[in-house]
Amino acid sequence: MSEPTASAEEDWGAALAEQKSSVTAPQVVDSVQPADIFQKLVPGNAGEASQDLDLILDIPVTLTVELGRTKIPIKHILQLAQGSVIELDALAGEPMDVLVNGCLIAQGEVVVVNEKFGIRLTDIVTPSERMRRLNR
């Protein structure tokens, strides 16, 4: 690594001196004016909010249907083969959780339509309940 040159040291010294001279004591403000840059929330602005909501309607999210969970040691995972059965913590016939980006939004039951699996929603989590779960 090379030694700093005299001109570099002078540049740094000048920058530090300029910084020290620009630092001043805080000024006391005699009066405070309200900011008028924010739009007032009135019922007439609801149409603008729905237009803003249209901007996010096409954003993809991850929807997960969870049958159940379990914890097993790695040695048992390595022994799994075709036809192996893994016991889950959910009971047969129990509603399955429907999660959006990891947040529970509903529960439902498995259905088969045209030879494809689906889920029929049986219970939707209310927005207030979702907020309560997020705050945990």
Open item on the list: Give me a comma-separated list of calculated 3J(HN,Hα) values for the range 118-135, in order, Karplus coefficients 6.51, -1.76, 1.60 applied at θ = phi - 60°, integers in Hz, x for any Gly or Pro.
Closed with: x, 9, 9, 6, 10, 8, 9, 6, 5, x, 5, 5, 4, 5, 5, 5, 5, 7
TODO: Collect residues whose amide H, placed 1.01 Å from N in the peptide plane, falls under 5 Å from the amide H of residue 125; neighbours closer than 5 in sequence don't count.
DONE: 106, 107
Open item on the list: Can you work out the Karplus-derived ³J(HN,Hα) for every residue in the range 64-76? Use 6.51 cos²θ - 1.76 cosθ + 1.60 with θ = phi - 60°, whole Hz, and x for glycine or proline.
Closed with: 10, 10, 9, 6, x, 9, 7, 10, 9, x, 4, 4, 6
Task: Label-to-label distance, nm, for residues given as residue 116 and residue 72 (7 Å Cα→Cβ offset) - done: 2.9 nm
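What length, rounded to one decimal in nm, is gained on full extension from residue 62 through to residue 81, with 0.36 nm per residue of separation minus their alpha-carbon distance?
Additional length available on full extension: 4.0 nm.
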- [ ] Roll a 1.4 Å probe over the protein heavy atoms and report the accessible area of residue 120 in Å², nearest 10.
- [x] 130 Å²
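The values are calculated or read from the model by the stated rules, or taken from the named source; none is laboratory data. As the structure is a computational prediction, the values presented were derived from the model and not from experiment. With ideal geometry, Cβ positions are generated from the backbone for all residues, glycine too; neighbour counts draw on all protein chains shown. To get the accessible areas, we keep the full protein, side chains included, count just its heavy atoms, and leave off ligands, DNA and RNA. Shrake-Rupley method; radii C 1.70, N 1.55, O 1.52, S 1.80 Å.
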